[in-house]
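Undergrad: Following this message is one structure expressed as structure tokens.
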């Protein structure tokens, strides 16, 4: 009936980790953009690896990218990934995939100690510490798997996942943004292999599935409404139907006032014209001016 394929949709597990699970990284979210920029300056002065990640939805495609800066090296290392069409994937998924790419870049390095993973999406930073099940959590679980592999290779490594504001002139973030947009368009450069866990096509996001089905139902409801015999009459009263415009209009009104407004808009207010129509008044004329029907 709905032409759905359950095996093509992400699975949300009832339980992800044990009760004593803790992430192997610290998180850092500044109070505001200015504070985040100051924190970025401090990280740049440290003798550690800085990785910037980003996800993007451009031209109907969704992509992710990670760029790695290492002190003493001019060459910037990059990984990109095209998730698929925006009808199947969300920007949040791309942000988490970018974290996976960033962790793969870190794993490939040698002698790693202090690392910062900079993300311009606060939801991704917060969810990296969450253990509850939610849409897209399977990707965050893959990130934790990649992190465990990296920690196994670099046992003394300290990782901080931190928030950096986007479009604030931060060099690494701007570079990641450009690379993510390239990946969204399918224009990425294949310079090194991607992690094995990303080599298969990703399942459809359940959030996108719900969103798409909701849009289909709304379009179907609108089509049925406009083909109904009631549409012509109601279109004279409110041509925006079906919509939430009237609900928004009366949201702050008392119920009594909302009822009066509805009666006025539909022509069913207890005025002379209606009262005469239903046989409750001798004339439809306005009792004040006697020159026109009272409406």
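Undergrad: What are the extents of the Cα atoms of segment 237-295 along their three principal axes, in Å, largest first?
TA: 38, 24, 21
Undergrad: Restricting things to Cα coordinates, could you compute the convex hull volume per residue of segment 1-51 in Å³?
TA: Here the figure is 218 Å³ per residue.
Undergrad: Calculate the FRET efficiency for residue 13 and residue 108 from the Cβ-Cβ distance with a Förster distance of 35 Å, rounded to the nearest 0.05.
TA: Working from the Cβ atoms, E equals 0.75.
Undergrad: Give me the compactness ratio for segment 169-295, meaning the Cα radius of gyration over 2.2 N^0.38 Å.
TA: For segment 169-295, the normalised Cα radius of gyration is 2.05.
Undergrad: Moving to a separate point now. Can you give me the C-alpha center-to-center distance between segment 118-136 and segment 76-108, rounded to a whole angstrom?
TA: 14 Å
Undergrad: Tell me, what is the Rg over Rh of segment 68-223, with Rh the Kirkwood radius over Cα pairs?
TA: Rg/Rh for segment 68-223 comes to 1.00.
Undergrad: Taking the simple approach of a point 7 Å from Cα along Cα-to-Cβ for both residue 283 and residue 200, what is their distance in nm?
TA: Each label point is offset 7 Å from its Cα along the Cβ direction, giving 8.3 nm.
Undergrad: Something else about it: If I stretch the segment between residue 45 and residue 246 completely, what's the gain in nm (0.36 nm per residue apart, minus their alpha carbon distance), one decimal? Provide the component values of the computation, followed by the final result.
TA: Numbers: separation 201, 0.36 × 201 = 72.36 nm, distance 5.57 nm.
Contour length minus the Cα-Cα distance gives 66.8 nm.
Undergrad: I've got another one for you. Exposure proxy check: 43, 163 ranked by fewest other beta carbons within 10 Å?
TA: 43, 163
Undergrad: Of 32, 141, how do they rank once you tally other Cβ atoms within 10 Å and put the fewest first? Walk me through the numbers before you get to the answer.
TA: Working: 32 8, 141 16.
Ordered by Cβ neighbours within 10 Å, fewest first: 32, 141.
Undergrad: Continuing with this model, one more query. Using the beta-carbon distance between residue 174 and residue 133 and R0 = 35 Å, what value does 1/(1 + (r/R0)^6) give for FRET efficiency, to the nearest 0.05?
TA: Details: r = 34 Å, r/R0 = 0.98.
For R0 = 35 Å, the calculated efficiency reads 0.55.
Undergrad: Counting other beta carbons within 10 Å of each Cβ, put 213, 256, 16 in order, fewest first. Before the final figure, lay out the partial values.
TA: Details: 213 12, 256 8, 16 17.
Final ranking by Cβ density, sparse to dense: 256, 213, 16.
Undergrad: Based solely on its DSSP helices, what 222 nm [θ] is calculated for the chain when runs of n ≥ 4 H residues each add -39,500 (n - 2.57) and the sum is averaged over all residues, nearest 500 deg cm²/dmol? Could the numbers behind the result be given before it?
TA: Details: 10 runs with 119 residues, N = 295.
About -12500 deg cm²/dmol.
Undergrad: Could you work out how far the C-alpha centroid of segment 203-266 sits from that of segment 1-67, in angstrom?
TA: 37 Å
Readers should treat all values here as calculations from the given coordinates under stated rules, not as data from a laboratory. Remember, predicted model here, so these are calculated numbers, not experimental data. Don't worry about glycine lacking a Cβ; one is built from the backbone with ideal geometry, like all the others, and counts go over all protein chains shown.
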